[in-house]
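The values are calculated or read from the model by the stated rules, or taken from the named source; none is laboratory data. Treat the numbers as computed from the prediction; the structure is a model and nothing was measured. So basically every Cβ, Gly included, is an ideal-geometry build from the backbone, and we count neighbours across all protein chains shown.
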Amino acid sequence: MAQSKKGSAASGKGFTRRCASLVKEQRAKIYILRRCATMLLCWYIQGRRERGGRGGGRPPCRR
């Protein structure tokens, strides 16, 4: 019976590691998507300003 408890504890650690790894990967993907969306939005705003559209007089997007 002690071996089964030991095995379940080891599998619990593996599950935790897998979950942590998946969370880390998803956070990286969301970070990349956020950066891409920001870049596209800045290009869109800058393009409208160059064409004489309503730019709102705001400075260009910068981080």
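Some points to look at:
- So CYS19, is it in a loop (DSSP other than H, G, I, E, B), surrounded by 10 or more Cβ atoms within 10 Å (Cβ to Cβ) and at pLDDT 65 or above: no
- Figure legend. Inter-residue proximity from the range 33-52: first residues touching a residue at least 12 places away in the same chain (Cβ under 8 Å), second residues surrounded by 10 or more Cβ atoms within 10 Å (Cβ to Cβ) and aromatic (Phe, Trp, Tyr), beta-carbon distance below 6 Å, spacing 6+ or different chains. No pairs are indicated.
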